[in-house]
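Peer 1: Just dropping this structure here.
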Amino acid sequence: MTDNTRVRLNHDMPDQVPQSLPTLVSPDGAVILRPYQPHDVGRIVEMIGDPEFARWTNTPVPFTDSDGRAFLVATAARVSSGELLAWAIEAEIEGVRRLCSCLRIRLIGDGRGDISYGLHPEGRGRGLVRAAGRLALDWVFDAVGLEVVTWNCVVGNWASRWTALGLGFRVGGVARKAYARRGELVDVWIGEVTRDDSRESAAPPRQPVLTGPGVRLRPFAERDAPRIAEACNDEATQHWVSILPRPYRLSDAEGFIEWCREGKATGQEWTWCVAGTDSDECLGAITLFGLAARDGAGEIGYWAHPDARRRGLTSVAARLVADFALGPGPAQTVRLFVAEDNHASQRVAERTGATRVGTLPAYSVVRDGTRTDMILFLRGRQPAADR
């Protein structure tokens, strides 16, 4: 939820919150959208006062009971004026129906609206906002007559972005310094869904977790940043991957993790953390590029943490990704480019089942500025009868 308004109203709560909104119920009855009620104050304070909620918004910290009452008063006034549609999202938690989330659509005019939402900690990971959002969007397009609903959130709020994609929003880019958060202007992602859109999920397929002998390929997480920095400051990695910053800072590693998430969210590429099965620590990275390529041509790239070298783990990981790409994955062909003198990387490419098919002279530049030939390896999808 992004809302720049810091509410500080010296009003008592009304006895009744305006009932001009309909109550919407999901087909299975599991999710209910209803107008706010005075007894919601406690749950609202827990929700908005949660650190994860505050991280992405401009709400007061700490968020007190007084703030909660002021929030309800301000919401009631805006609903009554026709400026805002605001629902409490109710679902069952441990056998008791409770406020688990909130959803609001601001009416901008000219057939336009703007959606925002937030979750109580107990409501996370349950798909409540997706279910509630579909109900709300259906209603505002059909009953209110809106033509388009826009969405935005602070860059980095991946939970909100994945929810928006699941609701059918087309995420189209970044508005720079478009939101004032605690005295700082920050970038926001923007998206929209129109009345004529299917409102089916716009999210790409989920990235799978792959497992093999000694390795587990999973998405990167914030905790991996120090290990990424260690690997990318290594002399061998720096030599062969000359585009890496030098020195490679922790902030560069954090940026790499965000790049991985962006590739997953756009469906362009998947990057896995090569983790050990014994400790789950980061031992390298492997990327499958070209997920959306129309010609079905994928590409695999990888680097290894020094701790993983000469253990065969990168080879296992690369083979897992190649097998996936050419099996249930989208690729018809996978290719790998390896420097002529990088013999360890060549062995990894060979162990994916790919074949050396040619050389690209002076195709790449290493850290000292010299150019090096690149070897092209290819592996194609086997006919179904041969699998």
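Peer 1: Against the conditions (1) over 21 Å from residue 108 (Cβ atoms); (2) surrounded by 19 or more Cβ atoms within 10 Å (Cβ to Cβ), where does residue 124 fall short? Just the number, please.
Peer 2: Condition not satisfied by residue 124: (2).
Peer 1: Considering only residues that are under 19 Å from residue 53 (Cα atoms) and touching a strand residue (DSSP E or B) at 6+ places or on another chain (Cβ under 6 Å), which ones fall in the stretch 162-177? Even if it seems obvious, please write down each step before you answer.
Peer 2: Step one: of the stretch 162-177, the residues under 19 Å from residue 53 (Cα atoms) are 162-164.
164 - this is the single residue of the stretch 162-177 that is under 19 Å from residue 53 (Cα atoms) and touching a strand residue (DSSP E or B) at 6+ places or on another chain (Cβ under 6 Å).
Peer 1: Still on this structure, please answer the following. Could you count how many residues in the stretch 89-118 are crowded, with 20+ Cβ neighbours inside 10 Å and of a type in the set (Ser, Thr, Tyr)? Quick ask: steps written out before the conclusion?
Peer 2: Initially, the stretch 89-118 is screened for residues crowded, with 20+ Cβ neighbours inside 10 Å, giving 89-91, 99-105, 113, 115, 117-118.
Among the residues that remain, those that are also of a type in the set (Ser, Thr, Tyr) are: 101, 117.
Summing the residues that are crowded, with 20+ Cβ neighbours inside 10 Å and of a type in the set (Ser, Thr, Tyr) in the stretch 89-118 gives 2.
Peer 1: Report those strands (runs of 3 or more DSSP E) wholly inside the stretch 130-243 carrying at least 3 residues which are out of contact with any Lys or Arg (no Cβ under 8 Å at 6 or more places or on another chain) and in contact (Cβ under 8 Å) with a residue 60 or more places away in the chain.
Peer 2: On the way: elements: 148-154, 170-181, 184-194, 210-212, 215-218.
The strands (runs of 3 or more DSSP E) meeting that bar are 170-181, 215-218.
Peer 1: Could you figure out which of (1) under 30 Å from residue 114 (Cα atoms); (2) out of contact with any Asp or Glu (no Cβ under 8 Å at 6 or more places or on another chain); (3) surrounded by fewer than 17 Cβ atoms within 10 Å (Cβ to Cβ) isn't true of residue 177?
Peer 2: Failed condition: (2).
Peer 1: Ok, one more. Pull out all pairs, ordered by first then second residue, where Cβ-Cβ is under 6 Å, the residues are six or more apart or on different chains, the first lies in the stretch 253-280 and is in the same structural domain as residue 232 (by TED's automatic domain parsing), and the second is of a type in the set (Asp, Glu) and buried (at least 16 other Cβ atoms within 10 Å of the Cβ).
Peer 2: 263/269; 273/224
Peer 1: What do you reckon, is residue 283 touching a residue at least 12 places away in the same chain (Cβ under 8 Å), in the same structural domain as residue 256 (by TED's automatic domain parsing) and surrounded by 15 or more Cβ atoms within 10 Å (Cβ to Cβ)?
Peer 2: Working: touching a residue at least 12 places away in the same chain (Cβ under 8 Å): yes; in the same structural domain as residue 256 (by TED's automatic domain parsing): yes; surrounded by 15 or more Cβ atoms within 10 Å (Cβ to Cβ): yes.
The answer is yes for residue 283.
Peer 1: If you don't mind, there's one more thing I want to ask. Within the stretch 340-363, work out how many residues are in contact with a Ser or Thr (Cβ under 7 Å, 6 or more places away or on another chain) and either buried (at least 18 other Cβ atoms within 10 Å of the Cβ) or part of a loop (DSSP other than H, G, I, E, B) (or both).
Peer 2: Qualifying residue count, the stretch 340-363: 3.
Peer 1: Can you pull out every residue in the stretch 345-376 that is more than 28 Å from residue 332 (Cα to Cα) and more than 34 Å from the chain's Cα centre (by Cα)?
Peer 2: Of the residues in the stretch 345-376, the ones more than 28 Å from residue 332 (Cα to Cα) are 365-372.
Matches in the stretch 345-376: 368, 369, 370, 371, 372.
Peer 1: Suppose we keep only residues that are under 28 Å from residue 185 (Cβ atoms) and touching a Cys at 6+ places or on another chain (Cβ under 9 Å) within the stretch 40-74. Which one would you say is surrounded by the fewest Cβ atoms within 10 Å (Cβ to Cβ)?
Peer 2: Top of the filtered list is 56.
Peer 1: Check the stretch 305-323 and report whether any residue there is surrounded by 15 or more Cβ atoms within 10 Å (Cβ to Cβ), modelled with pLDDT of 95 or more, part of a helix (DSSP H, G or I) and under 22 Å from the mean Cα position of the chain (by Cα).
Peer 2: Yes, that holds for at least one residue.
Peer 1: Show the residue pairs meeting these rules: Cβ distance below 6 Å; 6+ apart or different chains; first residue within the stretch 348-361 and under 7 Å from residue 377 (Cα atoms); second residue charged (D, E, K, R) and surrounded by 12 or more Cβ atoms within 10 Å (Cβ to Cβ).
Peer 2: 354/379
Peer 1: I'd like to check something: does the stretch 54-72 contain any residue that is within 24 Å of residue 158 (Cβ to Cβ) and in a helix (DSSP H, G or I)? Reasoning before the result, please.
Peer 2: At the first step, the residues of the stretch 54-72 found to be within 24 Å of residue 158 (Cβ to Cβ) are 54-59, 61, 63.
Retained after the next criterion (residues that are in a helix (DSSP H, G or I)): 54-55.
Within the stretch 54-72, one or more residues are within 24 Å of residue 158 (Cβ to Cβ) and in a helix (DSSP H, G or I).
Peer 1: Could you check residue 133 against (1) among the small types (Gly, Ala, Ser); (2) closer than 15 Å to residue 90 by Cβ; (3) surrounded by fewer than 21 Cβ atoms within 10 Å (Cβ to Cβ); (4) in contact with a Leu (Cβ under 9 Å, 6 or more places away or on another chain) and say which number it fails?
Peer 2: (3)
Peer 1: Within the stretch 189-241, track down each residue that is within 17 Å of the chain's Cα centre (by Cα), hydrophobic (A, V, I, L, M, F, W, C) and closer than 30 Å to residue 111 by Cα.
Peer 2: 189, 190, 202, 203
Peer 1: Still on this structure, I have one more. Which residue is modelled with the lowest pLDDT, if the candidates are limited to the stretch 272-304 and must be touching an Asp or Glu at 6+ places or on another chain (Cβ under 7 Å) and of a type outside the set (Gly, Ala, Ser)? Outline the logic, then answer.
Peer 2: Taking the stretch 272-304 and keeping what is touching an Asp or Glu at 6+ places or on another chain (Cβ under 7 Å), we get 273, 275, 282-283, 287-291.
From what's left, of a type outside the set (Gly, Ala, Ser): 273, 282-283, 287-289, 291.
Numbers: 273: 98, 282: 97, 283: 97, 287: 97, 288: 97, 289: 95, 291: 90.
The residue in question is 291.
Peer 1: Is it true that some residue in the stretch 154-165 is farther than 23 Å from residue 254 by Cβ, surrounded by fewer than 19 Cβ atoms within 10 Å (Cβ to Cβ) and not assigned by TED's automatic domain parsing to the domain that holds residue 262?
Peer 2: no
Peer 1: Only one of these is within 22 Å of residue 263 (Cα to Cα), touching a Phe, Trp or Tyr at 6+ places or on another chain (Cβ under 9 Å) and surrounded by fewer than 16 Cβ atoms within 10 Å (Cβ to Cβ): 209, 188. Name it. Full working, then the answer.
Peer 2: Values: 188 fails: surrounded by fewer than 16 Cβ atoms within 10 Å (Cβ to Cβ).
After ruling out the rest, the residue left standing is 209.
The values are calculated or read from the model by the stated rules, or taken from the named source; none is laboratory data. These numbers were taken from a predicted model, which means no experiment stands behind them. Backbone-built Cβ (ideal geometry, glycine too); neighbour counts: all protein chains shown.
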